[in-house]
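Heads up, the thing below is written out as structure tokens.
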Amino acid sequence: MGDNKPWALISEVGEQGYLEEIIGIITERFQIICYKDFLQNPQLHGPKIQVLFVWYYPKPEPWLLSLLPSLKVVASGGVGIDHLDVPYINRLGVKVTNTPDVVTNATADMALGLLLASARKIVEGHQIAVNPKTTYIPQSLMGVEVAGSTMGIIGMGRIGCKIAQRGKGFDMKILYHNRNRRSVEDEQALGATYCENMDDLLKESDFVVLAVNLTPETTGLIGHRELSLMKRTATLVNVSRGLVVDQDALVKALQSGTIRAAALDVTHPEPLPRDHPLLSLPNVLITPHIGTNTYTTTRKMVQKMVENAVAAVKGQSVPNEVS
Ligand SMILES: O=CC(=O)O
């Protein structure tokens, strides 16, 4: 395409996972302008931009979209599209795309990583091991056994299924709750038992793992009532979105021992304000939304984003269009 390559707006190079190789994948097909440079002179740059690559940021808010009259597609990285007002963007004649499938394994790994780290106090162990001033008292690092325990997965889409597979590999009993029951073949392959009533799953699970999309129905899905149904020895693991959990209720449940612990890759907001109580509770493990953060997955996501954007610019059928 040479100099005639279409223009794309991206978040700042060096930020938001835009590693050098990633930039290379994008610049094979597009000329790029960074958000910071764009903001210096939006009137000059805005009209030429046909693609907006979004990695949660820059948020395609109405004021930004109004500066991009030639925009054809908002190509978002990751599977979640809760940060995008898809109907609004579509009404402007702009397509929206995401990158499902490629994020599945990395996110499922993260769920198991958090589960194991919380169960076996791996982070606390590291802190003791590297701090010469602390004395190791075995009881302080006593964990819970994963094999033989019950994992309850809420949201049995692609990621939920991969979490189930991994749980099965750890000899866990698997329960799941989902809008739609999966086929008997799927259930048998995953060794997973359906709980039509989410309350049953909450009561029986040692680890409750959230893998739902954020929708109006799943916002605040886990609140005071749901946490109270969980075992006092149970751990909540969240790799979906922070807003699926009522965080105030979670803080109370963790402070009062209603549940044993929480391991969260997602919070609301991200990052949490430094004085947020979740950051100082001893029974909380938090990572900064890194579920998809591996080189392999990041590369695949960007390849997909570019594939989607190229198709949209050419007016061809777009592989991962969401509407
Ligand atoms: O959070 C990650 C994703 O939506 O893929």
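Bear in mind that the values in this text are calculations on the coordinates, not laboratory data. Everything numeric in this text was worked out from a predicted model, so none of it was measured. Cβ: placed from backbone, ideal geometry, glycine included. Neighbour counts: every protein chain shown.
Some notes on this structure:
- Potential extension, Ser280-Ser70 segment - 0.36 nm per residue separation minus Cα distance: 70.9 nm
- When Rg and Dmax are taken over the Cα atoms of segment 246-323, they come to 19.0, 57 Å.
- CD proxy at 222 nm, helix term only [per DSSP H run n ≥ 4: -39500 (n - 2.57); per residue of the chain; nearest 500]: -10000 deg cm²/dmol
- Value of Rg to Rh for segment 126-241 (Rh from inverse mean 1/r over Cα pairs, i.e. Kirkwood): 1.06
- Spatial separation of Cα centroids for segment 164-231 and segment 42-67, in angstrom: 38
- Globularity ratio of segment 1-94, using Cα Rg and 2.2 N^0.38 Å: 1.02
- Built amide H within the under 5 Å cut-off of Thr150, gap 5+: Lys173, Asp206, Phe207
- With a Förster radius of 56 Å applied to the C-beta separation of Glu124 and Glu185, the computed FRET efficiency comes to 0.85.
- Label-point separation, Leu19 to Asp82 (7 Å along Cα→Cβ), nm: 2.7
- The smallest convex shape that holds all Cα atoms of segment 177-290, its convex hull, gives 105 Å³ per residue.
- DSSP-defined antiparallel bridges as percent of all bridges, the chain, nearest 5: 5
- Of all lysines in the structure, those lying under 27 Å Cα to Cα from Lys59, and not within fewer than 8 positions of it along the same chain, are Lys5, Lys36, Lys48, Lys72, Lys95, Lys300, Lys304, Lys314.
- Shape of the chain, Cα gyration tensor, a/c cut at 1.5: prolate
- Relative to the longest principal axis of the Cα atoms of the chain, helix 158-169 runs at roughly 30 degrees.
- 0 to 90° range, to nearest 10: angle between helix 295-314 axis and the chain longest Cα axis: 40
- A Förster distance of 56 Å, applied to the separation of the beta-carbon atoms of Asn197 and Lys5, puts the FRET efficiency at 0.55.
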